[in-house]
Amino acid sequence: MSNLAFITGTRKGIGRFIAEHLLSKGWIVAGCSRRNSDLRHQNYHHFNFDISDESAVIKTLKTVKKTLFPIKVLINNAGIASMNHLLLTPLESYETIFKTNVQGTFLMLRETAKQMSRSGGGRIINFTSIANPLNLEGEAIYAASKAAVESLTKTAAKELAPMDITVNAIGPTPIETDLIKLVPKEKIESLVKNQPIQRLGTCDDIANTIDFLMKPESNFITGQILYLGGIN
């Protein structure tokens, strides 16, 4: 059976980088976004759908299993952020952020784990953020959504361990992607100065962590939240 990784949010940014990284290592990769992707590779398969839409998630993952292979690795990368003072945050922002970051992660995790439980197990890697442990001002709702993802990660790790499924989460430091374009430069600089390792993160840092969690030798690691840059 060929190794298939499903990555959410592969149209651009970190998700795109991870997709190309795994393709270069010989993986078959399925990716998704709400809009079309221009990523072209003989082993890449793109699906257009909203990860917060339950029926779309179920339909797509059934198609992946039927036309490709059962998913061995799920990387829940898709997410959205919004920076605003708590008192100026509209309900719409809360609903949008939680729908993608929490509901989308949950649905993808649940449906993928069903496949993995019947096909010998697998690896699930969620994405969180240092915004949660650092309680970053202006990111209350975003940080809260990632706190929910971390809680889901830890509980899912316990429930899925008997099925040989590991569940971990990666919390990157600021990386130069569209997600931080609207963040004031001085805020990013201040954040980096407070990190033990004082530099912006890179997509290579994330790929290295994913490679580690995907290694066969990492099958004893689950329920962990790995913050990058020395944050704890």
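Details
- By the helix-only formula, in which each DSSP H run with n ≥ 4 contributes -39500 (n - 2.57) and the sum is divided by residues, the chain has a 222 nm mean residue ellipticity of -12500 deg cm²/dmol.
- For the pair region 153-203 and region 7-21, the centres of their Cα atoms are 15 angstrom apart.
- Theoretical gain in end-to-end length, THR67 to GLU176 [0.36 nm per residue, Cα-Cα removed]: 35.7 nm
- Applying 1/(1 + (r/R0)^6) with r as the Cβ-Cβ distance of GLU186 and ALA144 and R0 = 25 angstrom yields a FRET efficiency of 0.55.
- Most to least packed among 41-54, 3-16, 83-96 [average Cβ atoms within 10 Å]: 3-16, 41-54, 83-96
- For region 93-232, a crude dipole built from +1 on the beta carbon of Lys and Arg and -1 on the beta carbon of Asp and Glu, taken about the Cα centre, is about 280 debye to the nearest 20.
- Over the chain, the pair-distance histogram of Cα-Cα distances with 5 Å bins from zero comes to 1, 7, 15, 19, 21, 17, 11, 6, 2, 0, 0 percent, rounded to whole numbers.
- Ranked by how many other beta carbons lie within 10 Å on average, peptides 62-70, 100-108 from highest: 100-108, 62-70
- With the simple spin-label model, which puts each label point 7 Å out from Cα in the Cβ direction, the PHE220 to ASN135 separation comes to 3.6 nm.
- Those lysines that a straight Cα-Cα span of less than 18 Å connects to LYS66, excepting residues fewer than 8 apart in one chain: LYS114
- Excluding same-chain neighbours fewer than eight residues apart, the lysines reachable from LYS12 by a Cα-Cα span under 21 Å are LYS25, LYS99, LYS146, LYS181.
- Rounded to 5, the percent of DSSP beta bridges in region 25-149 classed as antiparallel: 0 percent
- GLU92 paired with LYS154, simple spin-label distance in nm, labels 7 Å along Cα-to-beta-carbon: 3.5 nm
- Pair-distance profile P(r), taking every C-alpha pair of region 36-144, with 5 angstrom steps and integer %: 2, 11, 18, 20, 17, 13, 10, 6, 3, 0
- Projecting the Cα atoms of THR8, ASN132, ALA30 onto the charge dipole of region 4-227, computed from C-beta unit charges around the Cα centre, puts ALA30 farthest toward the positive end.
Throughout, read-outs are computed from the coordinates displayed, never taken from laboratory work. This is a predicted model, so every value here is computed, not measured. Here Cβ is always computed from backbone atoms with ideal geometry, including for glycine, and neighbour counts include all displayed protein chains.
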